[in-house]
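Each reported figure results from applying straightforward, stated rules to the coordinates on display, with no laboratory input. No experiment lies behind these values; they were computed from the predicted model shown. Here the Cβ is made from the backbone with ideal geometry for all residues, glycine too, and neighbour counts use every protein chain on show.
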Amino acid sequence: MSEAPPPPKHGVPHETVAAVDLGSNSFHMIVARIDDGHMQIVDRLKESVRLGEGLTPDRLLLPEVAERALACLERFGQRLSEFPLGSVRAVGTNTLRQVRPESGFIERAEAALGHPIDIIAGREEARLIYLGVAHGLAAGSERRLVVDIGGGSTEIIVGQEFSAQLRESLHMGCVSMSLRYFVDGRVSAKAMEKAQLAGAIEVRPVREIFRQAGWQTAVGSSGTIKAIAAVVEAEGWSENGISAAALKRLRDALVGAGRVASLALKGLPEERKPVLAGGVAVLRAVFQTLDIKHMQVSDYALREGLVYEMMGRHGHADVRERTVLTLSRQFQLDQAHGRRVQATALGLYRQVAASWGLADPSHPRMLAWAARLHEIGLMVAHSQYQKHGAYLLRNADLAGFTRQEQAVLAALVLGHRRKFPSQEFAGLPPGIRDCARRLCVILRLAVLLRRGRSTTNRPRPTLRVDGDTLSLVFPDEWLIQHPLNLLELEREAELLKSAGISLGFQ
């Protein structure tokens, strides 16, 4: 959701799209052509940035690591300079989830790349990984366990066909584990044992759920797992993937070498050495706790999942819509009332979109979803339910939504009644705060106009805006005939006045 960018081309998918995965170890980019619903990858770029090693205890990035990352993004940006808005999806994962927003790194990164960057939650990352892996496998109906080891997190998923049914993101990765247990590249039997135990502890809370999920095949994705597979296959220890026995032989080879720099293994790229020990420890912990005997390897992962997600959204299969519908059912929302508020909100939006610079296609979607979910907090308590709803939307795992989108949804729901939460909008990134604030004003008016919950009384006022000055014009005599609405509008005008917004009506 951006401030008011040039309207992108839409109606059909872009012929060429790109996906950028900003991981804790490496940055990846793929460029793909979309032809009749099929993806053909035409270009791949990858750089080992090791962003995770630059994260300080106070959640800032070391300057040299930040500059390394920005230089990489500038190179990616050169490749993407001719791509139109909406044809590139870039996401940040574990390390960028932790970086403090006020550091300004994301804004600098977006400027370097030339396209927006979404920060996604761990379970959303898991869903997208599964989507990519599933499209890269032969068609089949068996249940699959998918494991992806990143630099700072490990995602494990159980799914069937293209649907992820169990998703978990664990706080361990090849970079974080290597930094913690294998300092300066030294590998001992004791350090390896400690690292594997630490990994087992991370898996333990979900171990039984995943063991009993009934999966038939295990599939690994990510650079770490592909590198391990390349080594064990090149050394002749395993065929068609990674066996438990081959993984143990690799572990023993690491301990025997004593230092990562001393390793002389076939198929091992030089840039993978610094994080190999941590990756092996994580994978062995997963193998042992989930009782994996053999794991095949997928070339597809998060970035391919991003492309298929973009294709799905263009094809009207937006998973976010399903998420909103599921939430509406789970929290027993009055869906008919939500749709009426949505219709009123979108009617007002269309009247002011041009004047207020609300040109991005995400604006009406976010407004519609907020309208349908504005009462979600009622399941917690009626008193201050807008606060409960905002908390749920900000912190829940919402499939398909980025963290920024969740923050906007939460702000809209928080602000749909009572005191206008100016500070909530001030805390949003500069590029979206003004648009989100204006969407909230529209939602407030729609909720107010539909407060009686009537299916027949449908006020259709004309809304005019000039900056923060609003004017609602009702049909002749309507306000006189509806004194409760008039009183509510007077109270709303006072609430908005405290936020610097002037509301008039007649």
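Using only alpha carbon pairs under 8 Å that are at least six residues apart, calculate the relative contact order of the chain and give it in whole percent.
Values: 930 pairs, mean separation 71.8, N = 506.
Result for the chain is 14 percent.
With both partners inside the chain, how many of the DSSP beta bridges are antiparallel, as a percent to the nearest 5?
Antiparallel bridges make up about 70 percent of those DSSP assigns within the chain.
A prolate overall shape is assigned to region 146-190, the ratio a/c of its alpha-carbon gyration tensor axes (a ≥ b ≥ c) being 1.5 or greater and a/b exceeding b/c.
Take the Cβ-Cβ distance between Ser454 and Arg75 as r, set R0 to 45 Å, and report the resulting FRET efficiency rounded to the nearest 0.05. Could the numbers behind the result be given before it?
Numbers: r = 58 Å, r/R0 = 1.29.
Rounded to the nearest 0.05, the efficiency is 0.15.
Taking Cβ atoms as reference points and 13 Å as the exclusive limit, the residues near Glu161 contribute a net charge of +1, counting Lys and Arg as +1 and Asp and Glu as -1. Count charges around Leu250 for me, please; just the other residues with Cβ under 12 Å from its Cβ, Lys/Arg as +1, Asp/Glu as -1. Summing Lys/Arg as +1 and Asp/Glu as -1 gives +2.
At 0.36 nm per residue, minus the direct Cα-Cα distance, what do Ala336 and Gln212 gain on full extension? Give it in nm, one decimal, please. Walk me through the intermediate numbers first.
Values: separation 124, 0.36 × 124 = 44.64 nm, distance 3.88 nm.
40.8 nm is the gain from fully extending Ala336 to Gln212.
Once you order the gyration tensor axes a ≥ b ≥ c over the Cα atoms, which shape class does the chain get: rounded for a/c under 1.5, otherwise prolate or oblate by comparing a/b with b/c? Prolate, because a/c is 1.5 or more and a/b exceeds b/c.
For Phe162 and Gln351, FRET efficiency with R0 = 35 Å and r from the beta-carbon atoms, rounded to 0.05? Walk me through the intermediate numbers first.
Values: r = 40 Å, r/R0 = 1.14.
Given R0 = 35 Å and the Cβ-Cβ separation, E is 0.30.
For the chain, the longest principal axis of the Cα atoms and the long axis of helix 244-257 meet at an angle of about 70 degrees.
With a cut-off of at most 15 other beta carbons within 10 Å, and DSSP calling the residue loop, which GluC sites (Glu not before Pro) in region 53-104 qualify? Please list them.
Glu82
Excluding Val91 itself, calculate the net charge of residues whose Cβ lies under 11 Å from the Cβ of Val91, where each Lys or Arg counts +1 and each Asp or Glu counts -1. Working shown, then result.
Details: positive: Arg89, Arg97, Arg303, Arg403; negative: Asp21, Asp118, Glu124, Glu125, Glu309.
Taking every other residue near Val91 into account, the sum is -1.
Its relative contact order, with pairs defined as Cα atoms under 8 Å and 6+ residues apart, puts region 318-457 at 28 percent. Mean residue ellipticity, 222 nm, helices only, the chain: the sum of -39500 (n - 2.57) across DSSP H runs of n ≥ 4, divided by residue count and rounded to 500, is -15000 deg cm²/dmol.
Compared with the dominant Cα axis of the chain, that is its longest principal axis, helix 335-356 is turned about 80°.
May I ask which of Lys190/Lys226; Lys387/Lys497; Lys248/Lys273; Lys46/Lys226; Lys46/Lys248; Lys190/Lys273 have a Cα-Cα span longer than 23 Å here? Over 23 Å apart, Cα to Cα: Lys190/Lys226; Lys46/Lys248.
Once you keep just the Cα pairs under 8 angstrom separated by 6 or more residues, what percentage relative contact order results for region 138-297?
Numbers: 298 pairs, mean separation 49.5, N = 160.
Once divided by the residue count of region 138-297, the mean separation gives 31 percent.
Oblate is the label for region 141-255. Its Cα gyration tensor axes, ordered a ≥ b ≥ c, give a/c of at least 1.5 and b/c at or above a/b.
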